[in-house]
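First comes the structure, then the notes that go with it.
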Amino acid sequence: MKSRVLALSALLLAAPASAIGIAGSVQGTAPADLRISAWAVTPFGQPVAELVSAPVTGKSFKLDLPDDAPPARALVPVDNRLSWPGLIDFQKASASAQAAELKLFTYRDTNGDGKRQDNEPLREVRAQVGKGELFIVWASAPVTVTASRNYSADLKKGWNVMTVEVRGSVAVKPLDTKTGLTLNLGQ
């Protein structure tokens with residue numbers, strides 16, 4: 001199967017309930033039954049709970065993150081056990097907090113019911129933002145996480161949509177809504 005690329009334009013919406021949406025357009029060919037889903041994951045990246053999914057309709061899709069916290073089984077303490085993108089040699093958290101990382105997956109909705117079934121395999125996809133990577137995390141309280149190589153992630157309570165760029169140092173910053181995202185569906 002040939003590599004496919006999805007070019008996304010990120011759209012963060014600040015509605016009264018602080019809903020955050022990630023919208024994009026698809027470049028190239030995607031199967032008619034393709035869905036993009038966002039899952040809370042374990043610290044090892046294993047999917048725990050699907051929080052939202054949406055079909056790729058024509059050449060676009062939109063995911064609206066829920067206002068609620070992820071399920072308790074996805075929450076982990078913000079401490080030296082985190083394995084977030086770019087985070088090496090955890091130094092400290094400015095406050096006590098719990099967090100849940102969110103990752104994007106695709107699956108083919110073969111029965112067309114709009115819900116993932118066990119026989120519909122998940123495939124992780126990574127969103128590239130320029131030279132960085134999309135990073136979505138929920139935090140129970142405002143917290144700054146620091147680590148080696150100048151890593152500093154300032155998280156607000158609730159959902160945080162960030163970019164992480166790893167070079168000689170690590171830059172973590174809120175996603176610039178004018179920056180395009182690219183999802184590589186792989187082979």
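The values are calculated or read from the model by the stated rules, or taken from the named source; none is laboratory data. Note that the structure is predicted; figures quoted are calculated from it, not measured. Note: ideal-geometry Cβ built from the backbone for every residue, glycine included; neighbour counts use all protein chains shown. Just so you know, the surface numbers come from the protein's heavy atoms only, side chains and all, with ligands and any DNA or RNA stripped out. Shrake-Rupley method; radii C 1.70, N 1.55, O 1.52, S 1.80 Å.
With the requirement that a residue be of a type in the set (Gly, Ala, Ser) and crowded, with 17+ Cβ neighbours inside 10 Å, what does segment 28-50 give you? Within segment 28-50, ALA30, SER37, ALA38, ALA40 qualify.
Just one of the numbered conditions (1) closer than 18 Å to ASN160 by Cα; (2) buried (at least 17 other Cβ atoms within 10 Å of the Cβ); (3) at pLDDT 65 or above is not true of ALA10: (3).
Kindly provide the set of residues from segment 37-87 that are closer than 21 Å to VAL143 by Cβ and of a type in the set (S, T, N, Q), ordered by number. Hits for segment 37-87 are THR42, ASN80, SER83.
Scanning segment 51-91 for residues that are in a strand (DSSP E or B), open to solvent by 70 Å² or more (accessible area, probe 1.4 Å) and of a type outside the set (Val, Ile, Thr) yields a count of 3. Selection of segment 130-150 for residues being more than 22 Å from PRO47 (Cβ to Cβ), in contact with a Ser or Thr (Cβ under 8 Å, 6 or more places away or on another chain) and assigned to a strand (DSSP E or B) yields GLY132, VAL143, THR144, VAL145, THR146. Evaluated against (1) part of a loop (DSSP other than H, G, I, E, B); (2) open to solvent by less than 20 Å² (accessible area, probe 1.4 Å); (3) within 25 Å of ALA23 (Cβ to Cβ), ASP113 falls short on exactly one condition, (2). Within segment 98-110, the set of residues being surrounded by fewer than 19 Cβ atoms within 10 Å (Cβ to Cβ) and touching a Ser or Thr at 6+ places or on another chain (Cβ under 6 Å) comprises just one member, GLN98. Here is the figure for segment 153-179: residues that are among the small types (Gly, Ala, Ser) and exposed (fewer than 15 other Cβ atoms within 10 Å of the Cβ) total 2. Number of residues in segment 155-185 that are in contact with a strand residue (DSSP E or B) (Cβ under 7 Å, 6 or more places away or on another chain) and free of Cβ contacts under 8 Å to residues at least 12 places away in the same chain: the value is 1.
Under the condition of being hydrophobic (A, V, I, L, M, F, W, C) and open to solvent by less than 10 Å² (accessible area, probe 1.4 Å), which residue from segment 130-150 is nearest to SER37 (Cα to Cα)? Walk me through how you get there before you give the answer.
Applying the first criterion (hydrophobic (A, V, I, L, M, F, W, C)) to segment 130-150 yields 134-139, 141, 143, 145, 147.
With the extra rule that they be open to solvent by less than 10 Å² (accessible area, probe 1.4 Å), the set shrinks to 135-137, 139, 143, 145, 147.
Numbers: PHE135: 15, ILE136: 13, VAL137: 15, ALA139: 20, VAL143: 27, VAL145: 27, ALA147: 30 Å.
So, considering only residues that are hydrophobic (A, V, I, L, M, F, W, C) and open to solvent by less than 10 Å² (accessible area, probe 1.4 Å), the one nearest to SER37 (Cα to Cα) is ILE136.
Note on segment 116-129: residues that are open to solvent by 30 Å² or more (accessible area, probe 1.4 Å) and outside any loop (DSSP other than H, G, I, E, B) total 4.
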